[in-house]
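Everything below concerns the one structure shown next.
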Amino acid sequence: MAVAEPAHDTDHDHHEHGEFIAHHFDSAEQQYDSGKLGIWVFLVTEVLFFSGLFVAYTLWRSHHPEIFTQAHVFLDKVLGGINTVVLLFSSLTMAWGVRAAQMGRNRVVAQMTLITMVCAAMFLGIKAVEYSHKWDLGIKPASLWHYTGEHTAAVGPLAVSLGISDWLVTLSIIPAILLIAFVVVSVVLRLMDKPVWSTFSAGLAITVGGYFLGAVGGQLYMQASEGSSSHASRAPVVLHASSAGYQEQDHVAGQEKAVDSHAADAKAGEAHPDGNAADEHASNDHGTDAHAGDSGHGAHAVDPHLPRKEDLDQDVRIFFSIYYCMTGLHAFHILGGIAFLAWIFYRSLVGHWRPDYFGPVDYVGLYWHLVDLIWIYLFPMLYLID
Amino acid sequence: MAGNHDHGFAHPCPPWILFTTFFTLIALTILTVITAGQPYLGPFAVFVSMGIATIKATLVALFFMHMFWDKPINILTFLSSFFFVSLFIGFTLLDTDHYQNQINAFPREPLIIPASAAPAPPPAATAS
Amino acid sequence: MSTAEIRQKMFGHADKNYLNHSKGFASWALTLDHKRIGIMYLIGVTSALLLAGVFALVLRTHLWVSDSGMLSDAMYNQMFTLHGAIMVFAFIIPSIPAALGNFVLPMMLGAKDVAFPRLNLASFYLWVCGTGFLLVALATSGLDTGWTFYTPYSIRTQTSVVYATFGAFVLGFSSIFTGINFLVTVNTMRHPQMGWFRMPLFLWSLYATAIIQILATPVLGITLLLLIMEKLIGVGIFDPALGGDPVLFQHFFWFYSHPAVYVMILPAMGIISELIAVYSQKKIFGYTFIAFSSVAIALLGFLVWGHHLFTSGQSHVVTLIFSAITFSVAIPSAVKVFNWLATLYKGSILLCTPMCYALSFIFLFGIGGLTGLFLGALSTDIHLHDTYFVVAHFHFVMVGGTLTAMLGGVFHWWPKMFGRMYNDLLGRVGCFLVFSGFNLTFFPQFVMGARGMPRRYASYDPEFVIFHQWSTVGAFVLGAGIVLSVVVLVYAALYGRKVTGNPFSGASLEWQTSSPPSFHNFDHPVVMHDPYDFGDMVYDETLDSWVHREFIEPDRRPEPVPAHH
């Protein structure tokens, strides 16, 4: 960094420019105030960034309320609720961490930051369970929509033996690699007598552990609750009268689907520009009963608790597009948040925080609270309809 | 415990405020889950759930984000963003309301589509 | 330090300055100095200007005859799209704030740097990265959707929409970071004695611009992100075949892009305020009105985006509302123009290159702004929408407005940036070529458009040939003017006559530094006074510079108020 000694001239008060004050600021307070305003302004940009998705949600909910009532059966309130509690708790620990930083208690900051990171990873783990469960059912954004009312079969040996979704295994590969890597690196660094970096790596390993905590917990819950009241308990939803404009098309589509499903699946095996997902599902969609997640109903494993595909409105896939965009973008911000928290974690281990220099903790905290704020709205908007 | 105030601008939040806020948030979360399932709310359900969400958001902002003690400029900055979001939502809602029939009448792709028959262009070309 | 030394440091020519403070590629590539970042941005945006300008010349050459076939239709579509996309996203939006603003803003405030120097550098690299993606789009299948990326065509087309939109997305973040930096810097890093109403007007305009960048650009971000998702995984929000709404895309797009045009023009207006004041040596008329009008334009600019959608299927109710509000946006701009004219009146005019550009601006922006009213009125817009009238209107405000002001500003601050003077005669020749070339290019387009010539058409009715030919000749003259100006400036930077700190009697704080400035800008006390009080400035022969009167009378030493504690 091109930091030069500031040229202090004759009429300076000899204010101590501590190493934590950047050269272009006159005082610690000016630095803090600037950073604070800066982060609030950045949060404004984040609010506006998400606003587009809130607009899309509002428009579709107000013009097509039926797709919301049909679609929400696929979303599990309990998992969403757990995620909400996890994030609220992480906000508490983050706020506690900011308080500790203001008092110069670096150890507490490190601990609180670590807990916050674990909560964040747990959130992502639960999300992974939710997403993989949906992808099993073919519930994907609009043009990849592939819902058939059946659970698709797992094919990977790992997935079959664990009784979980193939998708969940795929999503968990990177976290698994990271977990092992961080543990190994931590041990190696400890042996190389670099305690701070070793603790840092251990912290990252614990964070990734949080992902598995969430994923395992979520998966256990899913298996326990198949057919329970919080999830898909309603009778198949009847076609809404207002979709009269394309009701015929729906029926036609439904019948065509029944006839063509296997032909279509065969076609889906062809090369498709961005259809790797579709290919996987082509093979998954033959309805063989190897999947432990369904209720063992026989060859086509139709789950009676799920709506029939013919009963879903033409536009229900737009709900899921919006769902994936909103929760996906939010999850991306959680991931970014984990990265920022890791940075704060490292700096706490090195003992950077003091009562006149704690800005970065405060700023990352504000970012984290915004992520929580957005989820506070997403949860009722997506999960608590009706 | 109440940290040193060398430079006077640190204001550590008292723990009781943090905990009270947290438990209130949990209680409100439970409340919103319960009220979501209630049929008697009818069309007001969405207002109730958004209202509770807003209360929760306000608590997070005021106490976790320390806005209660913050400078007015920061508060004004943050709140102004919601004004502009409401402008955006308001005008688009007003507009789309009027031409929904045209959108609804547009022929759609069938709901269950085989992956290779996407509406776009020949498979040989890349999408980007 | 003796008084003489202080005065030399403050107002003299400095051989040791920010340019040679440290050497080597890394010292520039990793610099945190706002002045160096400004210079790098200037080089970058000028390159973008020249590249997109070449595309424009290709287009104009193709349009020499009514059915030239010089370019295929597909190629023509690509040319105007890339011209637009590069000009809008890579040149004009960053241009004044990032290139001139970065250099001048901290110095005008009496600060050592912007609030977040690393964010500043990041902003620059995001610009490089975003422009890189646009160039990748160019090099691969190109782009033929128009710079506005309207759906559903942008979803269906096989050209490199994803690269280009991602490039624009990244450029958006560059813009946001600049906005955050400027907003915070103006709020927290002003000189201790500089209240809001003692700031130069360029800072007011940059502040208003920052507000827009912060509020509007994220919406562009989400729009482009959704478009990319639409293309990659088909989310269906904008695609009618999946149940989406293509007019909604236009709402999303213009919610940003209309305020974006105020991002383009507000800094330009700020520069004009500075130029008019300095080169009339007269206190700016109606300071408070101009300051508030900048903020008013910024805020009102958010209420009018629907005027881009009048013929797109937008509902009547909303169309009426947007049209009515659009008329109101003209008012603050008019306030500024009247105040500038009043400032000129009975001023002591110095007709140097920057002043020539400033006067050109008033004329050309006046026309551009007034023609906006034709487009804001529904009955006329029905006929004028998507014709050359629109093309002429926005070129008058963007080229006749922003580019003109930028050239004026660059000339004005060039001696400060490099400590060397440009050749004023050649500079004015350049201005003349720009002005006359510009008018010849775009004035006929108003006529063409009113007579029905549609925009973005590769071939046209023979009745328009003569207009197109004038336009093409004008385009080359304009191009020559721009190139000449660039050459004059580059030559000056390298070989120009050395100048001192304040050759034109500017009264704002950036003129109380050496030319070029030192690394820290202010190693010395400054005198904080009204930035438009030219009566305070006196010419000092020994220094060959204009200085504040406090430095002339030796028995009245300046009050020791340091720029920093």
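The values are calculated or read from the model by the stated rules, or taken from the named source; none is laboratory data. Model, not experiment: these values are computed from the prediction. Every residue, glycine as well, gets a Cβ built from its backbone with ideal geometry; the counts of neighbours run over all protein chains shown. Accessible surface areas use protein heavy atoms only, side chains included; no ligands, DNA or RNA. Shrake-Rupley method; radii C 1.70, N 1.55, O 1.52, S 1.80 Å.
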When every residue in the stretch B:33-45 that is surrounded by 15 or more Cβ atoms within 10 Å (Cβ to Cβ) and over 18 Å from A:THR84 (Cα atoms) is compared, the one nearest to the other protein chains (Cβ to nearest Cβ) is B:ALA45
- Query: Can you spot a residue in the stretch C:20-34 that is buried (at least 18 other Cβ atoms within 10 Å of the Cβ) and part of a helix (DSSP H, G or I)?
  - Reply: yes
query: Quick one: is B:THR21 under 18 Å from the mean Cα position of the chain (by Cα), modelled with pLDDT of 95 or more and polar (S, T, N, Q)?
result: no
Taking the stretch A:49-82 and keeping residues touching a Lys or Arg at 6+ places or on another chain (Cβ under 7 Å) and more than 14 Å from chain C (Cβ to nearest Cβ) leaves A:VAL73, A:PHE74
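Looking at A:PHE42, A:PHE68, which is the one that is on the phi < 0 side of the Ramachandran plot, open to solvent by 10 Å² or more (accessible area, probe 1.4 Å) and in a helix (DSSP H, G or I)?
Working: A:PHE68 fails: open to solvent by 10 Å² or more (accessible area, probe 1.4 Å).
From the options A:PHE42, A:PHE68, the qualifying one is A:PHE42.
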Considering residues that are open to solvent by 10 Å² or more (accessible area, probe 1.4 Å) and at the interface with chain C (Cβ under 7 Å from one of its Cβ atoms), the number found within the stretch A:25-38 is 4
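Yes/no matrix, rows are residues, columns are (1) surrounded by fewer than 17 Cβ atoms within 10 Å (Cβ to Cβ); (2) modelled with pLDDT of 50 or more; (3) more than 13 Å from every other protein chain (Cβ to nearest Cβ):
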| residue | (1), (2), (3) |
| --- | --- |
| A:PRO273 | no, no, no |
| A:ASP313 | no, yes, no |
| A:TYR324 | no, yes, no |
| A:ILE334 | no, yes, yes |
| A:GLY351 | yes, yes, yes |
In the stretch A:340-349, anything open to solvent by 30 Å² or more (accessible area, probe 1.4 Å) and in contact (Cβ under 8 Å) with a residue 24 or more places away in the chain is listed as A:PHE340, A:TYR346, A:LEU349
All conditions in (1) within 12 Å of chain B (Cβ to nearest Cβ); (2) among the polar types (S, T, N, Q); (3) open to solvent by less than 10 Å² (accessible area, probe 1.4 Å) are true of C:SER280 except (1)
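Every residue, every condition in (1) assigned by TED's automatic domain parsing to the domain that holds C:ALA99; (2) of a type outside the set (D, E, K, R); (3) surrounded by 21 or more Cβ atoms within 10 Å (Cβ to Cβ); (4) in contact with a Ser or Thr (Cβ under 7 Å, 6 or more places away or on another chain), yes or no:
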position: C:LEU344; (1), (2), (3), (4): no, yes, no, yes
position: C:LEU351; (1), (2), (3), (4): no, yes, no, no
position: C:LEU359; (1), (2), (3), (4): no, yes, yes, no
position: C:PHE363; (1), (2), (3), (4): no, yes, no, no
position: C:LEU370; (1), (2), (3), (4): no, yes, no, no
position: C:ASP386; (1), (2), (3), (4): no, no, no, no
Selection from the stretch B:59-97 of residues facing another protein chain (nearest Cβ under 7 Å), under 25 Å from B:PRO12 (Cβ atoms) and open to solvent by 40 Å² or more (accessible area, probe 1.4 Å) yields B:ILE73
When (1) modelled with pLDDT under 95; (2) open to solvent by 10 Å² or more (accessible area, probe 1.4 Å); (3) more than 14 Å from chain C (Cβ to nearest Cβ) are applied to A:LYS140, the one that fails is (3)
Does B:LEU18 qualify as being in a helix (DSSP H, G or I) and more than 9 Å from chain A (Cβ to nearest Cβ)?
no
Here the qualifying pairs (Cβ atoms under 9 Å; residues six or more apart or on different chains; first in the stretch C:224-246 and within 18 Å of B:ASP95 (Cβ to Cβ) and more than 8 Å from chain A (Cβ to nearest Cβ); second outside any helix (DSSP H, G or I) and among the β-branched types (Val, Ile, Thr)) come out as C:PHE238/C:THR151; C:PRO240/C:THR151; C:PRO246/C:THR151
Exception for C:MET70 within (1) more than 22 Å from C:ALA458 (Cβ to Cβ); (2) more than 14 Å from chain A (Cβ to nearest Cβ) falls at (1)
For the stretch C:128-143, does any single residue satisfy the condition of being in contact with a Ser or Thr (Cβ under 6 Å, 6 or more places away or on another chain), in the same structural domain as C:ALA268 (by TED's automatic domain parsing), over 18 Å from C:TYR41 (Cα atoms) and of a type in the set (Ser, Thr, Tyr)? yes
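From the list A:GLY337, A:GLY359, which residue is under 16 Å from A:PHE49 (Cβ atoms) and in contact (Cβ under 8 Å) with a residue 24 or more places away in the chain?
Just one listed residue meets the conditions, A:GLY337.
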Per the filter on the stretch A:103-122, residues assigned to a helix (DSSP H, G or I), open to solvent by 10 Å² or more (accessible area, probe 1.4 Å) and either among the polar types (S, T, N, Q) or out of contact with any helix residue (DSSP H, G or I) (no Cβ under 7 Å at 6 or more places or on another chain) (or both) are A:ASN106, A:ARG107, A:GLN111
When restricted to C:VAL261, C:VAL186, C:VAL219, the only residue modelled with pLDDT of 95 or more, within 9 Å of another protein chain (Cβ to nearest Cβ) and either within 26 Å of C:ILE176 (Cα to Cα) or surrounded by fewer than 23 Cβ atoms within 10 Å (Cβ to Cβ) (or both) is C:VAL219
Apart from one, (1) within 7 Å of chain A (Cβ to nearest Cβ); (2) under 27 Å from A:TRP60 (Cβ atoms); (3) over 13 Å from the mean Cα position of the chain (by Cα) all hold for B:LYS56; the odd one out is (3)
All conditions in (1) more than 17 Å from C:GLY449 (Cβ to Cβ); (2) buried (at least 19 other Cβ atoms within 10 Å of the Cβ); (3) of a type outside the set (Asp, Glu) are true of C:HIS395 except (1)
If we ask which residues in the stretch C:156-171 are farther than 18 Å from C:ALA90 by Cβ and either at pLDDT 95 or above or open to solvent by 20 Å² or more (accessible area, probe 1.4 Å) (or both), their number turns out to be 2
